[in-house]
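S.K.: Below are the structure tokens for one structure; questions will follow.
Each reported figure results from applying straightforward, stated rules to the coordinates on display, with no laboratory input. The shown structure was predicted, so the numbers you read here are calculated from the model rather than taken from an experiment. Positions of Cβ are generated from backbone atoms using ideal geometry, with glycine treated the same way; all protein chains shown enter the neighbour counts.
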Amino acid sequence: MHASLPDVDPLIAQLAAAIAPTLTPDTVIVGIHTGGVWVAERLHAMLHCALPLGTLDISFYRDDFSRIGLHPQVKPSNLPFDLEGRDILLVDDVLHSGRTVRAAMNELFDYGRPASIRLAVLVDRGGHELPIRPDFTGLTLAVPAHQNINLSRLDDGHLTLSLA
Amino acid sequence: MNLQLTSDGRLRHLLTLDGLPRAILTQILDTAESFMDVGEREVKKVPLLRGKSIFNLFFEPSTRTRTTFEIAAKRLSADVVNLNIATSSQTKGEAILDTVDNLAAMHADMFVVRHGQSGAAHFIARHVAPHISVINAGDGRHAHPTQGLLDMFTIRRFKGEFHNLTVAIVGDVLHSRVARSQIHALTTLGVPEVRVIAPKTLIPTGVEQMGVKVYHDMEAGLAGCDVVIMLRLQSERMKGARLPSAQEYFKFFGLTKEKLAFAKPDAIVMHPGPMNRGVEIDSEVADGPQSVILPQVTYGIAVRMAVMALLAGGATA
């Protein structure tokens, strides 16, 4: 555990506070597996969203599939609502290259035509390779290219950030 | 050397379920599960195999298997070419390899092969370049691995687990590549009791060595079963004096409501199709509440998508 990394809970609370004034009746929260879903679950509860939480596994949309193959544990995407005309709040744990977000947007459009998509991330670590930037950010932290920042969930449900 | 697996244990070709480790079978079933919802979406496609060319080489006629392979490939965004190749029994191996070489020169990435002769898919798999994968869609009496897998997927969907099941396979086991693939998969996945039920003339000698119990009587064989898998009785078998008549067969081994009552009340009934109604299965059962024959067809698409995706992702690494 890296000493300088902040606690996750205040970061999520800060995200929720920033998102709250922008919610519309048509807002749906969609988390990207796996870490993004953990953050999205918290936001969904804190923001009292009426519509159910959506989850995306972008394995079938990855641009590196032909190089690295299918992820061994693909989870089904679950979007239990009609996407047509919705305001989607897409949630991921860490924004790095932006390729995951691109894949997620491609997948969302295969389900329907949302009115808008905004992006909330717990950590923007830099290293972007695509013109994709978050609308809501918990923490901006320049992480060197050779390092990874990971969100993990403990058995008691507690979320922590670590550098490796 | 195992032709089906890469040196690091990933799927390279799918030729038979015999000898495939449980982890790979489970991986295919889990992957198929995640493909299940693609058919329900507004856009029934994922871009995994975009730009890949898949050739369906059918040297033996089949409507449903070929169609489900075609749909599976298209849902993965691959380009699909169907070739129905009429063959005479004199067709030489070289002619098949010439066909394969020509298609490989058109930049094929995957071949789905059905052939009347056992070992045809292996023969092609040994011949193709390293970046090309081969899927066996049925070879002679040998194997039909994707059918076996979709049957396992169906069982898991309806029964949840494998370790507490009794499964009976009923009918022409002798000539059935489907039965062979099912038996390998069921035993690998840990089904404690696999039975085959058929007249003596339709049971291959030494089938017990595959880990199954043999029954020649429906009442005894179906007693306590969770899953009843009926096999298609091919009418040409009737000619070879293995069976007296279709009526006689139906009387003793055809699945009727009365015979199904010997199995557990919640037993499911499966059939790989196409069915001979009134020969191996009564319409009342085929269309009845315990039949999962149509879900099998639907699941076949997701299972074939999973196999293709795993092959395409594993072969180039």
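S.K.: Restricting things to Cα coordinates, could you compute the convex hull volume per residue of the protein assembly as shown in Å³?
M.R.: 171
S.K.: With the Cα gyration tensor of the stretch B:145-294 in hand, give its eigenvalues times 5 under a square root as the equivalent ellipsoid semi-axes, listed largest first in whole angstrom.
M.R.: Rounded to whole Å, the semi-axes are 21, 18, 14.
S.K.: Separate question: Given contacts defined as C-alpha pairs under 8 Å and at least six residues apart, what's the relative contact order of chain B, whole-number percent?
M.R.: Relative contact order comes out at 20 percent.
S.K.: Based on the alpha-carbon set only, what is the convex hull volume of the stretch B:58-204 divided per residue, in Å³?
M.R.: 134
S.K.: May I pose another question? Which three extents, in whole angstrom, do the alpha-carbon atoms of chain B cover along their principal axes, largest first?
M.R.: Principal extents (Cα only, largest first): 55, 45, 37 Å.
S.K.: Among B:218-228, A:29-39, what's the highest-first ranking by average C-beta atoms within 10 angstrom per residue?
M.R.: My ranking of the peptides, most packed first, is A:29-39, B:218-228.
S.K.: Let me ask you something else. If contacts are Cα pairs under 8 angstrom and at least 6 residues apart, what is the relative contact order of chain A in percent?
M.R.: Over chain A, the number comes to 24 percent.
S.K.: Next question, about the same structure. In sequence order, what are the phi-derived ³J(HN,Hα) couplings for the stretch B:271-283 according to the Karplus relation 6.51 cos²θ - 1.76 cosθ + 1.60 with θ = phi - 60°, rounded to whole Hz, with x for glycine and proline?
M.R.: 7, x, x, x, 7, 9, 5, x, 10, 9, 8, 7, 4
S.K.: Using all alpha carbons of the stretch B:1-82, what is the percent of pairwise distances in each 10 Å bin, ordered from the shortest bin to the longest?
M.R.: Result, from short to long distances: 15, 37, 41, 7, 0 percent.
S.K.: Next question, about the same structure. How much mean residue ellipticity at 222 nm does the protein assembly as shown get from its helices, if each DSSP H run of length 4 or more adds -39500 (n - 2.57) and you divide by all residues, to the nearest 500 deg cm²/dmol?
M.R.: Result for the protein assembly as shown, helices only: -10000 deg cm²/dmol.
S.K.: Then there's this: Provide the per-residue ³J(HN,Hα) series for the stretch A:145-150, in order, calculated from phi with Karplus coefficients 6.51, -1.76, 1.60 and θ = phi - 60°, each as a whole number of Hz, with x at glycine and proline positions.
M.R.: Calculated HN-Hα couplings, in order: 4, 7, 10, 10, 10, 10 Hz.
S.K.: Which of B:172, B:109, B:101 ends up with the largest GNM mean-square fluctuation for chain B, with Cα atoms connected below 10 Å?
M.R.: Fluctuation is largest for B:101.
S.K.: Same structure again: Using a Gaussian network for chain A with springs between C-alpha atoms less than 10 Å apart, which of these wobbles most: A:55, A:100, A:140?
M.R.: Of A:55, A:100, A:140, the most mobile in the Gaussian network model is A:140.
S.K.: Scan around residue A:27 for amide H atoms under 5 Å from its own, H built in the peptide plane at 1.01 Å from N, and keep only partners 5 or more places away or cross-chain.
M.R.: The list, which skips near neighbours in sequence, is A:87.
S.K.: Taking R0 as 45 Å, what's the FRET efficiency between residue A:84 and residue B:200 from their Cβ-Cβ distance, rounded to 0.05?
M.R.: Taking R0 as 45 Å, the efficiency between residue A:84 and residue B:200 is 0.15.
S.K.: While we're looking at this one, here's another question. Could you please tell me the mean projected area of the C-alpha convex hull for chain A, averaged over all directions and given in square nanometres to one decimal?
M.R.: Taking the Cα atoms of chain A, their convex hull projects to 9.8 nm² on average.
S.K.: What's the extension gain from residue B:97 to residue B:82 if we count 0.36 nm per residue and subtract their Cα-Cα distance?
M.R.: Extra length from residue B:97 to residue B:82 when fully extended: 3.7 nm.
S.K.: I need the per residue convex hull volume for the stretch A:79-164, using only the alpha carbons, in cubic angstrom as a whole number.
M.R.: For the stretch A:79-164, the hull spanned by Cα atoms encloses 110 Å³ per residue.
S.K.: If you take each beta carbon of peptide A:48-61 and count the beta carbons of other chains within 10 angstrom, what is the mean?
M.R.: Mean shielding by partner chains, rounded to a whole number: 2.
S.K.: Need one number: % antiparallel among DSSP beta bridges in the stretch A:1-120, to the nearest 5.
M.R.: Percent antiparallel among DSSP bridges in the stretch A:1-120 is about 5.
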